[in-house]
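Data block below; observations after.
The values are calculated or read from the model by the stated rules, or taken from the named source; none is laboratory data. Bear in mind that the values here come from a model prediction, so they are computed numbers and not experimental data. Cβ placement follows ideal geometry from the backbone for every residue including glycine, while neighbour counts extend to all protein chains displayed. Keep in mind that these areas ignore ligands, DNA and RNA; they rest on the heavy atoms of the full protein, side chains included. Shrake-Rupley method; radii C 1.70, N 1.55, O 1.52, S 1.80 Å.
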Amino acid sequence: MLHIFIINPFAGRKTFADDLRTKLASIEGLNYFVFNTRYAGYETELVKKIQHIFEGEKLRFYCCGGSGTMRNMLNGFDNLSEVEIAFFPCGLTNDFLKMFGEDASRFGQIEELINGDIIDIDYIRTNHGVSLNTLSTGLDSNCLRKMDDFRILRFLGNDVPYSVATVYSIFVSKTEEYEIYLNGEQLNGKFAEIFMGNGCIFGGSLYFAEHTCVNDGKAIYSIVGNKRGFGLLEVMLALTGKKYEKYPKIMSCGECDSIKFRRTDGQPFSINQDGDIISGVTECEAKIIHKGLRFVVPKGVKVI
């Protein structure tokens, strides 16, 4: 087997890429190549080229970065069911791995992944590419778009632009009217957030559901109605505080295997896939691909 490591040198600590290369060089008998990304989205190009260069080889790909790096890698494969993919995390949150509970920390040991097992897990396929953990629009996509406007505040701390963008979005951003098709039903109205997750944790601290399973063929959804200001702040505090008993009262939530939505006025909007913003979307369709991804886990790790 040929092991392919794709490293995002801009993720994690400054020495991450060099430290990993040094570690790999010390592993006897490992047949591998290492590639560094150059810019956001370059992972997709790399994966396409590597598949062509090593056509016919048995390959295992390692995402050495964060959630965005993983999403960009996944979108480079012709057929996700034919390759093995590992997640060696060094991003800020790495939310998807939290689905593995106490074993999540084991993914941070590269030897555990090299000697790991394969399990089949679900992923989300949309008409705008695939994602592993989440798809959403509304408050969170507004926050990510506004972050660029507040980057000048980074000198106060790396988290400050996001925090300011979040407050701005809660109290200033407008809700939009959408048509949503979910579980065979149509929902019309103004919504502050539309969320679909293969996992149930987003943004490091937003818990959209108490439990989910990454290989049951189902996604969880949460739809927040026409809330702004303190009403939306209540929702955010409930999600971060894991106040699950409040969820049915403040938003619509449940399970689905597909979702479709668009703005009623036909205007374009932005969606968020695993922390990456896709702009200019006029309609989004998404469905869960049941056990469509061969995912590497440390030996003995089970889906919880």
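A few remarks follow.
- Among the GluC sites (Glu not before Pro) within the stretch 14-106, those in coil by DSSP and having at most 14 neighbouring Cβ atoms inside 10 Å are E28, E55, E57.
- Cα pair distances of the stretch 233-283 binned at 10 Å [whole percent]: 19, 31, 43, 7
- Residues E234 and I152, FRET efficiency given R0 of 30 Å [Cβ-Cβ distance, rounded to 0.05]: 0.50
- Label separation (R145 vs D18): 4.0 nm, computed from points 7 Å beyond Cα along the C-beta direction.
- Within the listed set G157, G199, G41, the Gaussian network model of the chain (springs between alpha-carbon atoms below 10 Å) gives the highest mean-square fluctuation for G157.
- Principal semi-axes in Å for the stretch 55-170 [√(5λ), Cα gyration tensor, largest first]: 31, 18, 13
- Other residues whose C-beta falls under 12 angstrom from the C-beta of V235 contribute a net charge of +2, scoring Lys and Arg +1 and Asp and Glu -1.
- In the context of the full set of protein chains, the chain has a per residue accessible area of 47 Å² (1.4 Å probe).
- Charged-residue dipole, Cβ positions (Lys, Arg, Asp, Glu), the chain about Cα centre, Debye nearest 20: 620
- Legend: Rg and Dmax of the chain, from Cα coordinates, 19.4, 60 Å.
- Were the residues from D265 through R38 laid out at 0.36 nm apart, the gain over their Cα-Cα distance would be 77.9 nm.
- Judged by the mean number of other Cβ atoms found within 10 Å, the most tightly packed of the peptides 108-117, 15-24, 58-67 leads the ranking 58-67, 108-117, 15-24.
- Here is the list for the stretch 140-190: trypsin sites (Lys or Arg not before Pro) lying in DSSP coil, each with at most 13 other C-beta atoms within 10 angstrom of its C-beta, are K174.
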